[in-house]
Amino acid sequence: MTAHQPSMVPGPAQAGPGTIDPGRVPRVVVISGAGGGIGRASALRFAADGAAIAAIDVDQRTCDAVAAEVEGAGGTAVAFGIDVSDEAAVQRMAAAIDERFGRADVLVHAAIQRMPGHLESLPAESFDRLLAVGLRGGFLLGRELGTLMLRQGSGVLVFIGSTAAHAPYPNTGAYAPCKAALVMLAKSFAIEWAGRGVRSLSVSPGMVRTPMTENLYSRPEILAGRSAIAPLGRIANPDEVASLVHYLASADAGYVTGTDVLIDGGFTMSKFMHVPGRD
């Protein structure tokens, strides 16, 4: 499929889950955290494929900017400057998408808020806020948009996890617990909704250079040191993660659900590369 061929989805399912029909309507893709990093890259990747984009970000200016990029390239986009932990705001957003498009085909939940700190001195408010955006937000978006998917008998939920779901990062507050729980939330949606035509999965990136991590990777010694411990020898960029998300949300991955897909340059499995005596 080229960038000039619109991404199409089947209409309401008439047969069992997994049935693929030619379809006549563009996919409607809803992306949280769309204002930057993996969320923005995902919005532009799906838009290049002809999808209509609903961009969500707590910062209205950044999601407006992404929506303008999509529309400037000839696509369709709507922007929602909302806090994904606000249940009423998420419900209003889902209702607006239903009214505008009559469907939702893909959710990409990339929103997160970094609240670093040492656990012995971490304020409870910081712990709660990170979980509110990352985990509660994922649940609310999955529930509200998933309801539209269940009605039409098709759809895909993609939750952006992290290698921190597999091995904790120190001094990052609730980040690792949040991502681990988010991976399990994706599996929970998957097991409950697989028989009703809706897939759910997570993608766990490793070290990625985004606006959120730029303060690290703008330092040459950090960039070089972290690149050296990835078996592929470099840091990922958001477009690479977005391409994987796009594939997993496509019909080509129609038999994939309930799994977590690592995209980490081999980092998670590489610990024995750094253990002395392993010639």
Peptide ranges 140-151, 186-197, 218-229 listed from the most packed, as the mean C-beta count within 10 angstrom indicates: 140-151, 186-197, 218-229
Spin-label model distance (nm) - A96 vs R196, 7 Å beyond Cα toward Cβ: 2.5 nm
Per-residue [θ]222 nm for the chain (sum of -39500 (n - 2.57) over DSSP H runs n ≥ 4, rounded to 500): -12000 deg cm²/dmol
Only Lys, Arg (+1) and Asp, Glu (-1) charged, at Cβ; segment 144-279 dipole about Cα centre in debye: 160 debye
Distance (nanometres) between label positions extended 7 Å along Cα→Cβ at D59 and R219: 2.1 nm
Peptides 125-137, 155-167 ordered by average Cβ neighbours within 10 Å, highest first: 155-167, 125-137
Burial ranking of peptide ranges 40-53, 77-90 (average Cβ count within 10 Å, highest at the top): 40-53, 77-90
Dipole moment magnitude, nearest 20 debye, the chain about Cα centre, only Lys, Arg, Asp, Glu C-beta charged: 400 debye
Scattering curve values for segment 185-257, log₁₀ I(q)/I(0), Debye with Cα scatterers, q = 0.20, 0.21, 0.22 Å⁻¹: -0.85, -0.89, -0.93
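No value in this document is a laboratory result; all are computed from the given coordinates. Predicted, not measured: the structure shown is a model, and the values here were computed from it. Every residue, glycine among them, receives a Cβ derived from its backbone with ideal geometry; neighbour counts consider all protein chains shown.
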